[in-house]
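Participant: Encoded as structure tokens, here's the structure I'll be asking about.
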Amino acid sequence: MAGVGPAEPLIRLRGLTKRWGRRTALAGIDLEVAARAIVGVVGPDGAGKTTLLRALAGLLEVEATEARVLGYDLRDDVTALKARVGYVPQVWSLHRNLSVEENLRFTARLHRLPEAEFRRRSDALLERTALAPFRDRYAGALSGGMKQKLAVANALLPAPELLVLDEPTAGIDVVARGELWSLLAAARASALIVISTSYLDEAAGCDTLVYLDEGRLVASGTPDALRARVGLECYRAWGGAARDIACAARRLGYVSGARAAGRYARVDVPAARSPGDREVLHDLGALPDVRFAERIPVDMEAALLALSAGHGGRAA
Amino acid sequence: MSEPIIRTRGLSKRFGDFTAVDALDLAVEPGTIFAFLGGNGSGKSTTIRMLIGILEPTAGEIRVDGIDVVHTPRRVRDHIGYMGQKVSLYQGLSLRENVEFYAGLFGLAGAALERRWGALRERFDLAAAEGRRPEDLPAAIRQRAGLALSMLHEPRVLFLDEPTAGVDVRSRSLFWDVIQEEAAGGTTVFVTTHFVEEADSCDWVAFIDAGKLIADAPPEALRERFSDGYRVTVRGGDPRAAAAALTAAGLAVESAPDAVRGTAPGLPPGALAELERLRARQPDAHVEVQQPAMTDVFRRVLTDAPRPA
């Protein structure tokens, strides 16, 4: 049976496992994604992010109790699934010696897109990626950001139902990152997007996050839900010499970490140890050179830190 | 201001027709953390390789800790520590053997080595890894070991090329704690990163794009120039008292139905003390300071800068 029925989730994994010889890259992943969204896959290097993405794109033989993507079983023939998936690997893999337009045309041929449809879609994508003025440029001569935009445009050309992107924004500048994300935001209307990233602001911008560590799914949920789960209080102590303030804050018995960030020191207090925010604010306010102390919502960094501490991540 | 410990003038590197680094003038104050930011291929690594004397510039001058790096590149090596994007630990040797090898290069041995390595081993949580070979260690621990090794001989200047690329948030956070501690102890740290929010952990930020410097200032100065500025929101308490306090703090005040808001390009001197006084007088008032995110600052730096096609 092929294709996803109206009530079936787009992704449904039970005990998804991938072994490379004796090494277990994925150790029993359970994951369900019901509707179109941007799903962020985060976690340390070697956590299994790339393996999970490749499995979802139908590129790996896997073991599982259940492994359905867009209604296709990953353990069966996945040829039909692959036709519905766009995959952007970590290593840039377009043709350097073809122009921007020729790269797109090549993909269109592979997917047997009629010429008129190719024109319509590629014009729209080139417009949206601001690559239109460069359509005749060799792909190899594009800047890092433009190459990545082309890679994503190329994956979007066949109008996939699932778009899988492996760290597409690594190392590219903030403007290009912003442009890529607007492209993804637009694509979310027609596709489920699964993206891995090491940027905290991008993780915060996903609809759902999946945190992997050592081949296991440690936590998943909306960024807000993950932040809410974290038993941590975050504070900022503003003052003259933020680095000295951070040093002094670390000496408070209940503080788990403090670091200067611009004009303030960021101070983390585990909820279990916290004497309450009034007391913490009072103590921080009494440190030398502190002019103003405030409690702030738990941010993505703190949330992921706490997740990594609760699992495999070693104490600092 | 003290004499810069790193200084370049007109530093350039061309590979054939391609100009990787274009007439760079850099000045780094001793004991500061200098962030060198830019995307892939912007010229960051080329610059760092010239600064540490392993790549000869096409033109320009470099002085690091009083040494003319262009003419006497080897002399700079005792003064600096370097961690590259690929951590260079010898496979087949245990981490401990790597430590002894590197220590030997700098004439560090005996009790001095035990003291220094002991402290680093504890700081980087490497005790369990000491007897293992780098190839058997997870990437994050290898990276920690690499950073520890680069500072083993207590160099005056530490060059770190993307030390936080590909490491988990926990190691990233630890790295920045250590970098700040080293700087507090007087070490100068020259660090490249593509995580622009890390600029806030540094004293000075230079941003390179297509081989040219397009920003060179303390992070706060960039924030003041390239963002909509700080926003302070006061909810609850007496709105008139809040408005008066924000005005006294030097902010432009606007009233919203549920809050009083103030904005300013930077936080004026005395503003923070004013906010603290407001909260002391109005315990029911919730005061929140919003700082413009560095990603937004750099987005504007890049869009404002003239860019080559």
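Participant: If I take R0 = 25 Å and measure r between the Cβ atoms of residue B:9 and residue B:225 in this structure, what FRET efficiency does the formula 1/(1 + (r/R0)^6) give, to the nearest 0.05?
Facilitator: Values: r = 25 Å, r/R0 = 0.98.
For R0 = 25 Å, the calculated efficiency reads 0.55.
Participant: Same structure again: Among all the aspartates and glutamates, which ones have a C-alpha under 15 Å from residue B:13's C-alpha, if same-chain residues fewer than 8 places away are not counted?
Facilitator: Residue B:13 reaches B:22, B:25, B:56, B:61, B:209.
Participant: Which FRET efficiency, nearest 0.05, do residue A:282 and residue B:235 yield, Cβ-Cβ r, R0 22 Å? Numbers along the way, then the final one.
Facilitator: Working: r = 20 Å, r/R0 = 0.93.
Efficiency, rounded to the nearest 0.05: 0.60.
Participant: Using only the Cα atoms, work out Rg/Rh for the range A:109-243, with Rh taken as the Kirkwood radius, to two decimals. Kindly include the intermediate steps, with their values, before the conclusion.
Facilitator: Numbers: Rg = 18.7 Å, Rh = 17.4 Å.
Value, to two decimals: 1.08.
Participant: Moving on to the next point. Can you give me the C-alpha center-to-center distance between the range A:70-148 and the range B:21-82, rounded to a whole angstrom?
Facilitator: 40 Å
Participant: Based solely on C-alpha atoms, express the radius of gyration and the Dmax of the protein assembly as shown in angstrom.
Facilitator: 25.8, 76
Participant: Please go through the residue pairs A:147/B:44; A:18/B:44; A:49/A:147 and name each one whose alpha carbons sit more than 27 Å apart in this structure. Intermediate results must be reported in sequence, preceding the final value.
Facilitator: Values: A:147/B:44 19 Å; A:18/B:44 37 Å; A:49/A:147 22 Å.
Pairs exceeding the cut-off: A:18/B:44.
Participant: Pop the C-beta distance of residue B:181 and residue B:29 into the FRET formula with R0 = 22 Å and round what comes out to the nearest 0.05. The partial results should precede the final answer.
Facilitator: Values: r = 18 Å, r/R0 = 0.81.
The formula returns an efficiency of 0.80 here.
Participant: Using Cα springs under 10 Å in a Gaussian network model of chain A, which residue among A:304, A:284, A:53 shows the largest mean-square fluctuation?
Facilitator: Comparing A:304, A:284, A:53 in the GNM, the peak value goes to A:284.
Participant: Further, regarding this structure: Let me know the mean shielding of A:255-262 by other chains, meaning the per-residue number of their Cβ atoms within 10 Å of its Cβ. Before the final figure, lay out each step's value.
Facilitator: Values: counts 0, 0, 3, 2, 8, 10, 11, 11.
Average neighbour count from other chains, rounded to a whole number: 6.
Participant: Magnitude of the Cβ-charge dipole of chain B, K/R +1 and D/E -1, about the Cα centre, nearest 20 debye? Show your work: numbers first, answer last.
Facilitator: Working: 36 positive and 43 negative charges, 71 e Å.
The dipole of chain B has a size of about 340 debye.
Participant: Taking each residue of A:163-176 in turn, how many C-beta atoms of other protein chains fall within 10 Å of its C-beta, and what is the average?
Facilitator: Numbers: counts 0, 0, 0, 0, 1, 0, 1, 4, 8, 4, 14, 15, 9, 2.
Per residue, the number of nearby Cβ atoms from other chains is 4 on average.
Participant: Continuing with the same structure: Once you have the Cα-Cα distance between residue A:241 and residue A:271, take 0.36 nm times their residue separation minus that, and quote the gain in nm to one decimal. Write out the running numbers ahead of the final one.
Facilitator: Values: separation 30, 0.36 × 30 = 10.80 nm, distance 2.66 nm.
Full extension of this stretch gives 8.1 nm more.
Participant: Any chance you could run the full-extension gain for residue B:40 through residue B:54? It's 0.36 nm times the residue separation minus the Cα-Cα distance, nm to one decimal.
Facilitator: Details: separation 14, 0.36 × 14 = 5.04 nm, distance 2.00 nm.
Gain in length upon complete extension: 3.0 nm.
Participant: In debye to the nearest 20, how big a dipole does the protein assembly as shown give about its Cα centre with +1 on each Lys and Arg Cβ and -1 on each Asp and Glu Cβ?
Facilitator: 860 debye
Participant: Then there's this: What's the Kirkwood radius of the range A:1-113 in Å, using all Cα pairs? Before the final figure, lay out each step's value.
Facilitator: Working: mean 1/r = 0.0639 Å⁻¹.
After inverting the pairwise mean of 1/r, the radius is 15.6 Å.
Participant: Further, regarding this structure: Report, in deg cm²/dmol and to the nearest 500, the calculated mean residue ellipticity at 222 nm for the protein assembly as shown, where each DSSP H run with n ≥ 4 adds -39500 (n - 2.57) and the sum is divided by the residue count. If you can, show how the numbers build up before the last one.
Facilitator: Values: 20 runs with 205 residues, N = 625.
After summing the helix terms and dividing by residue count, I get -9500 deg cm²/dmol.
Participant: Continuing with this model, one more query. Near the amide H of residue A:165, under 5 Å away, which other amide H atoms are found, from residues 5 or more places off or on another chain, if H is placed in the peptide plane?
Facilitator: Those lying under 5 Å, H to H, from residue A:165 are A:88, A:194, A:195, A:196.
Participant: Which is the longest run of chain A containing none of the trypsin sites (Lys or Arg not before Pro) found in DSSP loop states (not H, G, I, E, B) with at most 11 other C-beta atoms within 10 Å?
Facilitator: On the way: sites that count: A:22, A:112, A:251.
After excluding every exposed loop site, the longest remaining stretch is A:113-250.
Participant: Please turn the phi angles of the range B:277-290 into ³J(HN,Hα) values with the Karplus equation 6.51 cos²θ - 1.76 cosθ + 1.60 (θ = phi - 60°), one per residue in order, whole Hz, x for glycine and proline.
Facilitator: So the J values, rounded to whole Hz, are 5, 4, 5, 5, 7, 10, x, 7, 7, 9, 9, 10, 9, 10.
Participant: Sticking with this structure for a sec: Excluding residues fewer than 8 places away in the same chain, name every one of the aspartates and glutamates whose C-alpha is closer than 19 Å to that of residue A:82.
Facilitator: A:8, A:61, A:63, A:66, A:73, A:161, A:166
Participant: So, one more: Evaluate chain A: find the radius of gyration of its Cα atoms, find its Kirkwood radius, and give the ratio Rg to Rh.
Facilitator: 1.05
Participant: Which residues' amide hydrogens lie under 5 Å from the amide hydrogen of residue A:216, considering only partners 5 or more residues apart or on another chain, with H built in the peptide plane?
Facilitator: Those qualifying (amide H under 5 Å, at least 5 residues apart or on another chain) are A:27.
Participant: Between residue A:106 and residue A:123, what is 0.36 nm times their sequence separation minus the Cα-Cα distance? Round to one decimal in nm.
Facilitator: Working: separation 17, 0.36 × 17 = 6.12 nm, distance 1.49 nm.
Going from the current span to full extension adds 4.6 nm.
Participant: So what does the Cα-only Debye profile of chain B read at q = 0.09, 0.15 Å⁻¹, as log10 I(q)/I(0), no solvent term?
Facilitator: Those come out to -0.56, -1.14, one per q.
Participant: Also, quick follow-up: Run the Debye formula on the Cα coordinates of the range B:73-122, all scatterers equal and no solvent, and tell me log10 I(q)/I(0) at q = 0.17, 0.24 1/Å.
Facilitator: Reported log10 I(q)/I(0), two decimals: -0.62, -1.12.
Participant: In a Gaussian network model over chain A where Cα atoms closer than 10 Å are linked, find which of A:303, A:176, A:34 has the largest mean-square fluctuation.
Facilitator: Maximum among the listed residues: A:34.
Participant: Turning to a different aspect of this structure: Just tell me how shielded B:173-181 is by partners: mean number of partner chain Cβ atoms within 10 Å of each residue's Cβ, no decimals.
Facilitator: Working: counts 10, 5, 1, 3, 7, 1, 1, 8, 3.
If you average over the peptide's residues, the count of other-chain Cβ atoms is 4.
Values in this text are rule-based calculations from the coordinates and carry no lab data. Since the structure is predicted, the reported quantities are computational estimates derived from the model, not experimental observations. Please note: Cβ atoms are built from the backbone with ideal geometry, for glycine as well, and neighbour counts cover all protein chains shown.
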